[in-house]
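Working notes for the structure below.
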Amino acid sequence: MKPIRSQFLLIASALFVVALMLAACGRQAQPTPSPEPTQPAPTETEIPASPTKTPTPPPVDPSISAPEMRILYVAPALADCKGAISQKCLLIKDAPDGNYQLFYEQIEGFAYEEGYEYEILVEITQEETPAAGQPTRHYALIEVISKTSTAETTGAATERQETPLEGTNWRLIDYVNTSGELVPAAAESTALFENGLMTGQAGCTPYSAAYEVTGPNKMAVSPNPMIMKACEDDILNKQQAAFLAALPQVAIYSITDGELELGDAEGKVLLRFEAKASAPLLRAMWRVVAYNDGENAMISPLEGTELTAIFGKDGMLAGSAGCNRYAAAYEINGEAIKISAVATTRKFCPEPEGVMDQEMMYLSSLQHVATYRIQGEQLELRDKEGTLMTTLALTSPEDVEFEYETLANLTYKSAHTASGEAPLRDGEYSEPAAPGSAAKTRVSLTDHVAVGRLNGQPAAAVVLVTTPGGSGAFYDLAIVTIEDGVPSNVATVLLGERVQIKEIAIEDDSIVVNMVTHGPEDPRCCPTQETLRTYELRDGQLNLISEENSGLEVRSATLEDLIAHPWKWMQTTFADGGLMALKYPERYQVAFAEDGTLQIRSDCNAGEGVYRLDEDKLTIDADLNARKSCPRGSKTQEFITQLNQADIAMMIGDNLLIRLQTDAGNMLFEPVSSPE
């Protein structure tokens with residue numbers, strides 16, 4: 001044990017020095033019995049008063065507190081801490097066997113070096129009228145009792161770096177249920193301790209509670225008023241209730257090997273947590289929990305809507321605003337963030353009521369954001385005054401829904417673009433077909449989308465079509481899975497040129513593609529061979545594991561074929577690679593009569609006309625009886641126009657294929673049992 005400097009001996013009696021030496025060795029100081037039984041015993045972190053009588057000090061101003069002497073133990077490394085700005089803080093504890101806590105103040109005269117464990121004696125002076133924003137207590141170094149290099153300790157001692165209570169994101173792993181049993185947590189509940197406030201998710205309810213560390217490993221928690229939300233799951237409801245009920249009972253805490261235990265006054269463990277790393281800001285999918293309505297009230301999203309945000313590595317923020325997709329550039333500097341003007345798609349959503357107002361308020365809140373902060377799996381965006389603008393929660397892979405709008409705004413791997421990538425926006429991407437060329441290479445997302453599980457993980461399969469600026473169209477199968485918390489295209493493979501995609505599905509951990517490819521005698525424009533391909537995703541590659549050709553008969557259509565059924569329009573594949581697939585094929589039908597007339601249903605309109613079949617040569621002359629205004633997205637005019645461009649009628653198995661004039665494309669029909 002190192003001696004205390006001689007000048008300190010001048011201000012205390014011999015017995016006082018003995019007490020200091022005992023405290024410096026980490027042993028409980030035992031005060032000399034006092035002849036006055038009402039005198040309180042000193043704590044282990046206080047310098048015990050001498051039992052010998054001293055001269056009566058002169059009177060002092062009662063508003064000024066006497067200085068306090070305390071021994072502190074300082075960790076060999078600084079820790080990240082957050083106040084008005086990001087900084088590094090000391091980790092200190094009051095006893096050798098205590099737990100390190102973040103120390104936000106400065107110690108006057110203490111020249112700290114990382115890599116050393118310190119035992120120091122400090123003087124603490126209370127500041128009764130501190131300057132605005134300044135600490136209420138002033139710390140000054142009296143003595144460095146010991147300074148030990150961590151390089152001199154054993155490996156085991158070096159590894160023993162306690163996780164601090166404050167600033168650590170804690171995730172619940174066990175809790176005491178209503179029967180008094182410690183049981184595993186069924187879902188995530190969290191806790192963060194900072195600046196006297198404990199916050200987190202109790203289950204479905206965000207909570208806050210004041211807390212105070214009242215002594216070594218002692219704590220008091222006082223929950224703030226809250227409105228408890230009911231969870232959909234009864235087990236989670238019970239966990240949430242037990243979690244919140246345990247908080248006011250907390251009297252002690254301990255941290256060992258990255259685990260935090262909160263216990264009651266009798267030492268019974270009530271809650272057990274594990275330290276949890278914060279989620280990354282970039283490339284994580286965040287779901288909005290609440291947003292500022294412009295009057296500093298935090299509002300939860302409307303039921304049936306989801307607001308999302310993805311901060312891309314390319315400096316673009318994108319997501320769903322509840323109705324429309326949005327995008328904006330952003331810049332980060334430390335914890336400062338600037339979000340530029342937001343661009344959106346221009347849809348109008350009538351339901352649920354208020355969704356457009358919600359969208360406006362959410363997007364407006366983003367424009368005021370100046371700082372961000374991540375606590376575990378929660379992201380807070382605040383304005384420059386510190387007012388909360390938006391709270392977001394990390395979306396787990398299991399919760400991600402592969403909505404079409406999400407898939408239409410991803411970056412896909414592509415062998416047809418100069419960079420090898422196609423960053424789609426609203427389902428489209430284009431670039432010059434060659435340097436200086438006016439022709440464009442265009443990549444589009446088709447309506448062929450399948451969702452399922454591949455290798456045990458949620459996945460989506462989509463079909464992209466690329467027109468390289470001339471004739472022809474290339475179809476690719478692309479797989480999207482969850483990478484770093486966000487949907488990402490992990491593999492893409494070419495299906496073929498000018499093929500016709502009928503259907504895709506994810507089945508039995510595989511991707512199945514039902515398509516029409518070119519048979520041996522088929523012209524380039526018009527494939528007729530129905531093919532079933534099966535792919536597997538392995539090591540980031542799509543591998544073809546089987547291919548079956550249907551062997552369907554391909555022949556010229558006869559009159560008996562045409563009049564056998566009404567026909568519903570499934571899709572048209574154009575020579576330039578475009579695809580017009582019908583979402584509601586039953587709304588577009590044609591029925592051929594033996595007398596050379598035909599009846600048409602074209603969405604909300606009806607029509608009629610005449611036709612002639614000469615061997616495989618088909619001509620049609622048809623029109624609508626009236627032209628009603630059909631719902632948005634109707635193909636009523638396109639259907640009539642294409643029928644009147646009929647040139648060749650062929651049968652592919654049971655389906656009817658009508659080739660358009662000048663090989664412009666193919667209309668594909670399937671039979672229906674009766675007109676609908």
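Straightening the chain between residue 348 and residue 332 buys 2.5 nm, computed as 0.36 nm per residue apart minus the Cα-Cα spacing.
Between residue 187 and residue 293, the simple label model (points 7 Å from Cα in the Cβ direction) yields a spacing of 2.5 nm.
Each 5 Å bin from 0 upward holds the following percent of the Cα-Cα pairs of segment 175-280: 2, 12, 23, 26, 21, 11, 3, 0.
Residue 604 label point, 7 Å along Cα→Cβ, cut-off 17 Å on backbone N: hits in segment 346-376? Only 350 pass the distance filter. Annotation: amide H of residue 618 within the under-5 Å range of 647, 648, 649, sequence separation 5 or more or interchain, hydrogens built in the peptide plane. Counting only Cα atoms, segment 306-394 measures 40, 25, 23 Å along its principal axes, largest extent leading. Across segment 596-612, computed HN-Hα scalar couplings (Karplus, 6.51 cos²θ - 1.76 cosθ + 1.60, θ = phi - 60°) run x, 9, 9, 10, 10, 10, 10, 6, 8, 10, 10, x, 8, x, 10, 9, 9 Hz from first to last residue, x flagging Gly and Pro. Between residue 68 and residue 197, the simple label model (points 7 Å from Cα in the Cβ direction) yields a spacing of 2.4 nm. The slack in the chain from residue 233 to residue 625, taken as 0.36 nm per residue of separation less the alpha-carbon distance, amounts to 135.6 nm. Checking the cross-link pairs 583/628; 313/583; 218/238 against a 24 Å limit on the alpha carbon distance flags 313/583; 218/238 as lying beyond it. Eigen-decomposition of the gyration tensor built on the alpha-carbon atoms of segment 237-357 gives equivalent ellipsoid semi-axes of 39, 21, 12 angstrom, largest listed first. Each of residue 509 and residue 672 was given a label point 7 Å from its Cα along the Cα-to-Cβ line. The distance between the two points is 4.1 nm. Shown is the FRET efficiency for residue 532 and residue 555, computed with R0 = 25 Å from the Cβ-Cβ distance and rounded to the nearest 0.05: 0.75. For residue 307, the residues whose amide H sits under 5 Å from its own are 288, ignoring neighbours fewer than 5 places away on the same chain, with H placed 1.01 Å from N. Using the Karplus relation 6.51 cos²θ - 1.76 cosθ + 1.60 with θ = phi - 60°, the per-residue 3J(HN,Hα) values for segment 196-208 come to x, 10, 9, 9, x, 10, 7, x, 9, 10, x, 9, 9 Hz, with x marking Gly and Pro.
Summing Cβ point charges (Lys, Arg +1; Asp, Glu -1) relative to the Cα centre of segment 354-399 gives a dipole of roughly 260 debye. Of the cross-linked pairs 413/440; 440/617; 229/384, those separated by over 26 Å at the C-alpha level are 440/617; 229/384. Under a 5 Å amide H cut-off, with hydrogens placed 1.01 Å from N, residue 271 pairs with 262 among residues at least 5 apart or on other chains.
In a fully extended conformation the segment linking residue 257 and residue 97 would gain 56.2 nm over its present Cα-Cα distance, using 0.36 nm per residue. Per q in 0.20 1/Å, what log10 I(q)/I(0) does a Debye calculation on the alpha-carbon atoms of segment 637-676 return? Reported log10 I(q)/I(0), two decimals: -0.63.
We did not get these values from a lab; they are worked out from the coordinates using the rules stated. Treat the numbers as computed from the prediction; the structure is a model and nothing was measured. Ideal geometry is used to build each Cβ from the backbone, glycine not excepted, and the neighbour counts take in all protein chains shown.
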